[in-house]
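Please treat every number below as a calculation from the coordinates, not as lab data. A quick note: this is a predicted structure, and the numbers were derived from the prediction, not measured. Cβ coordinates were reconstructed from backbone atoms using ideal geometry, including for glycine residues, and neighbour counts include every protein chain displayed.
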Number of protein chains: 4
Amino acid sequence: KQQHPITLKTILGFEEICSVDVWRASVAELLGTAALVFALDTIVISSIQTETKTPNLVMSTLVAIIITILLLATFPISGGHINPIVSFSAVLTGLISITRAVIYILAQCVGGIVGALALKAVVSSRIEQTFSLGGCTLNVVAPGPDGPVVIGLETGQALWLEIICSFIFLFASVWMAFDGRQAKALGRVTICIIIGIVLGLLVFVSTTVTAQKGYAGAGLNPARCLGPALIRGGHLWDGHWVFWVGPAIACVAFGLYTKVIPSQHFHSY
Amino acid sequence: KQQHPITLKTILGFEEICSVDVWRASVAELLGTAALVFALDTIVISSIQTETKTPNLVMSTLVAIIITILLLATFPISGGHINPIVSFSAVLTGLISITRAVIYILAQCVGGIVGALALKAVVSSRIEQTFSLGGCTLNVVAPGPDGPVVIGLETGQALWLEIICSFIFLFASVWMAFDGRQAKALGRVTICIIIGIVLGLLVFVSTTVTAQKGYAGAGLNPARCLGPALIRGGHLWDGHWVFWVGPAIACVAFGLYTKVIPSQHFHSY
Amino acid sequence: KQQHPITLKTILGFEEICSVDVWRASVAELLGTAALVFALDTIVISSIQTETKTPNLVMSTLVAIIITILLLATFPISGGHINPIVSFSAVLTGLISITRAVIYILAQCVGGIVGALALKAVVSSRIEQTFSLGGCTLNVVAPGPDGPVVIGLETGQALWLEIICSFIFLFASVWMAFDGRQAKALGRVTICIIIGIVLGLLVFVSTTVTAQKGYAGAGLNPARCLGPALIRGGHLWDGHWVFWVGPAIACVAFGLYTKVIPSQHFHSY
Amino acid sequence: KQQHPITLKTILGFEEICSVDVWRASVAELLGTAALVFALDTIVISSIQTETKTPNLVMSTLVAIIITILLLATFPISGGHINPIVSFSAVLTGLISITRAVIYILAQCVGGIVGALALKAVVSSRIEQTFSLGGCTLNVVAPGPDGPVVIGLETGQALWLEIICSFIFLFASVWMAFDGRQAKALGRVTICIIIGIVLGLLVFVSTTVTAQKGYAGAGLNPARCLGPALIRGGHLWDGHWVFWVGPAIACVAFGLYTKVIPSQHFHSY
């Protein structure tokens, strides 16, 4: 209730390095991200294995559901980020300190690796090669009539898609969770459902709108891109920076937006 | 609670030009409309790309969801218009001043342009030509057996459809948000869901009821029609006035309706 | 709270003819019924135009949604009838006076006509002939091998279906809105959703259960049957009385039922 | 409210053997598990019998619904476990005593047998052989070109899948029910729906992700695996220990996780 004066010390929050609670909370972030990576990738495989004409619709619905649930499961422990984009924009809007954000993002990256390892343990290598397995790829090397051809999205186009989708994600869903009055008015479950739906929609849209084979859709979560890239390597590293730079730009734009909009809520009645 | 005396000064509200809050709120309108245009158009492309037999059903459902969420995201900042129809009818029912409405509508038009630009950045020109890309069109020039033929809806029919659909949109959903007592009884989330569903239904109905190729359905939002027309031009300008005049007539009719109905609510218990 | 003594004067309520509020409220009934007729008929066309294997499922779902929303939009103004069945049974249960009911039913009939005219303005005559366009028909003249043949439901069977469906509509949904304690416990939104779902279910059942071409399902709303019959005439007048007499019998039966059931609610806990 | 001191006596809880309430509650566990086994197996049969292209999607949805309902039905009586994994992890998080857990798990195993017997009573032996009938199998003996061949999953892979899926089940859904503050904030119905959805998702994923015939998906409930194995025997006993050891490891990991995370909830506002 009482507004603490915002000092550089609060923003940096170095004393949180020694806080056991921050490190404990980061365990939830780690396991949450691991569960997310494992769930997302198995959902992608299962959706495509299922003989349905609309695998991307099924996939997007399940993605929306699993994200909603994992956010609800981790929210009271760590704040429910499980995504470096959320942690970074939480710093920019002054919700958490830089130290806590760095610890969270590290935990999320480790979680991405754990999730990719868990997937490797249960999936046969044949399936691993058939599917891109949740890795964030811009292009893929496919056999062509005149030797292997690289098909995929141009880096510039992918970067724009990453920036726009990340910004819509922050603008249309995360903001509601960050703004205390909105959060209270809507309730925890509604907000987690909205975040899940927005991400599901963005997955649906970004995987089909480019109609470009080889591009696996917007990343929207650098940690889930890093894990598979570290474990399986190869072409997953091509243009990997896009999945970090794009969201970062979106986070800065979102941070500016939250500063620009009026701090009092609009009331017409 | 206390009814302010309605003077010409309040209605015009010139002093709001200097209000920083109005301009700040208009940023939410601008970005909200941009996100709306981008989301609507990518949803249309994705729905048609998806190999489903009912792309218009999928599209309408997603439109309902995305509008609900964007309204929830902008409601506490600017009142959640992201549509010149809503801003104009809000003036006619005395909720906001003319100055604020003009600023909002300008912001929405700029937002429509930004959204159309964002779309251009991520979509290849091949796809851009295949789909009408959310532009509001009455007709399209198609290759016929005896040279190019213009197929589409007659302007009169389109104008009637625009007036009727806009009025149903205002009568069946926006009114609930404008009437303070209704809004309080139903709650913010319910109202935004209702507005989203009504617009989704109108999209579903207006795209199929005429069974006329070339007509892209009722516009129901002049700002989203203006953006693509300015960016891509061409046949998007044909009959563009319909998407402004139709809703304007509906807004005036709706304004009269709100004056005619009794100001006390009906109570049978 | 205070029970007014029920006199013949209250039941007739002649003084309400001069009440401006009743006439104003009837504007909402008129426009509500017009929107209902327009929406129902365009939904029927759109559902059948959509290439889906289950058009009646889609149609029923959309009917349930649109009725829910229109009831919510008119409820606080006029009580949300938009259906002569509801107005007539509201008289029989003593909720409104006979005068108000007559004014409402007149407004609903005019609304039905306005809706049918609005439909005529936007739909091409080719589509108008392909579909029965929401008109309430018992049979249709179809070309047969030995000249035109009348196919459809027998009048007796249609009357029974009309009585049973109307009574289920009143018994299973409208009663909850009429009974003050139920209405308060469930809340306005829940009740409007229930009424919408019950009508949607009855549409689904009555259009498929007879498996008889030419019969367009139970009318369940005389006003929506009258409008198209007056505008387009022809075979829409065949057996039109069924759609008035059937619901009337159901209303009387429902009136008796509300008198028979105990006035105290049953409590087991 | 008052925190009892945790002594070895409370943890063991030997006095609960004489408690009539514990034994009565175990009846709900027994019947709940029997209903679960019967329902799961009939759902599997019905889903595959239904001529749909996506039987696993239909099945998973129905599994989610039936589990939600059975949990809601048994929750106020016994706490709603109907799964040895839940009972075992409830001991590890200190919610119930060891004695009560042992009684519950015994009841669940007997329930699994009762359910398998009930299924045998109503299903013809032809169908019983066509389907694996909810039994938990790693592999199946199929006729091959060179005599019978054993096809299925390697034991190590199956164990990893069992551990990971059980942990996600505990981490993403059961934890919300175990944590008092979460449970109160979300409400009973929401939590039961979440548990149902998570299990449905895991069923969907685990049956398709391995793309390996003979493997019937993750067990996620040792009691439902034991019943069919005891009644029908044969190859259902192959690797049956996996369905007990895997979840047990997950429970221990989950127990550690609940000790590590901070006991105060995270609050940013």
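Listed by chain and number, the aspartates and glutamates whose C-alpha is less than 15 Å from the C-alpha of D:LYS120, apart from same-chain residues fewer than 8 away, are D:ASP41, D:GLU128. Assign one of three labels to the stretch B:143-202, namely rounded, prolate or oblate, based on the Cα gyration tensor with a ≥ b ≥ c the square roots of its eigenvalues; rounded applies when a/c is under 1.5, prolate when it is not and a/b is larger than b/c, and oblate otherwise. The shape class here is prolate.
Position D:ILE17: other-copy label points at 5.5, 8.8, 8.9 nm, ordered by increasing distance, label point 7 Å along Cα→C-beta. With label points set 7 Å from Cα along Cα→Cβ, the inter-copy distances at C:ASP146 are 4.5, 7.2, 7.3 nm, sorted shortest first.
Okay, which of the stretch A:63-99 sit inside 16 Å, backbone N to the point 7 Å along the Cα-Cβ direction of A:ASP21? Within reach of a label on A:ASP21: A:75-80, A:95-99.
Database remark: amide H of D:VAL149 closer than 5 angstrom to the amide H of D:ALA142, D:GLY144 (H placed geometrically; neighbours at sequence offset of 5 or more, or on other chains; Pro and chain starts carry no H). Counting, for every residue in B:69-81, the Cβ atoms of other protein chains within 10 Å of its Cβ and taking the mean gives 6.
Here the dipole of the protein assembly as shown is about 1940 debye; that uses its Cα centre as origin and unit charges on the Cβ of Lys and Arg (positive) and Asp and Glu (negative). Of all aspartates and glutamates in the structure, those lying under 14 Å Cα to Cα from A:LYS259, and not within fewer than 8 positions of it along the same chain, are A:ASP179, B:ASP21. By the count of neighbouring beta-carbon atoms within 10 Å, fewest first, C:ASP146, B:ASP238 end up ordered C:ASP146, B:ASP238. Other residues within the sphere of radius under 10 Å centred on the Cβ of B:TRP160, judged by their own Cβ, net out at -1 (K and R +1, D and E -1). Residue exposure proxy: A:LEU256, A:LEU186, C:LEU8, ordered by other Cβ atoms within 10 angstrom of their Cβ from fewest to most, comes out as C:LEU8, A:LEU256, A:LEU186. The helix-only estimate of mean residue ellipticity at 222 nm for the protein assembly as shown, built from DSSP H runs of length n ≥ 4 each weighted as -39500 (n - 2.57), is -21500 deg cm²/dmol after division by the residue total.
The order of D:TYR215, C:TYR104, going from fewest to most other C-beta atoms within 10 Å of their C-beta, is D:TYR215, C:TYR104. Under 5 Å between amide hydrogens, built in the peptide plane, is the criterion, and for C:ALA216 it picks out C:THR137 among residues at least 5 positions away or on other chains. Sorted shortest first, the distances from the A:SER263 label point to those of the same residue in the other copies are 3.7, 3.7, 5.9 nm; each point sits 7 Å from Cα along Cα-to-Cβ.
If you take the Cα centroid of the stretch C:10-26 and the Cα centroid of the stretch C:144-190, the two points sit 28 Å apart. Based on the alpha-carbon gyration tensor of chain A and its eigenvalue square roots a ≥ b ≥ c, which shape applies: rounded if a/c is under 1.5, prolate if not and a/b is larger than b/c, or oblate? Cα axes put chain A in the prolate bin.
Above 46 angstrom, tally the Cα pairs of the protein assembly as shown and express them as a % of all pairs, no decimals. The share of Cα pairs beyond 46 Å in the protein assembly as shown comes to 39 percent. Just grab the label-to-label distance for B:VAL102 and A:THR7, each label 7 Å out from Cα along the Cβ direction, in nm (one decimal). Result: 4.9 nm between the two label points. Over all orientations, the stretch B:1-91 has a Cα convex hull whose mean projected area works out to 7.4 square nanometres.
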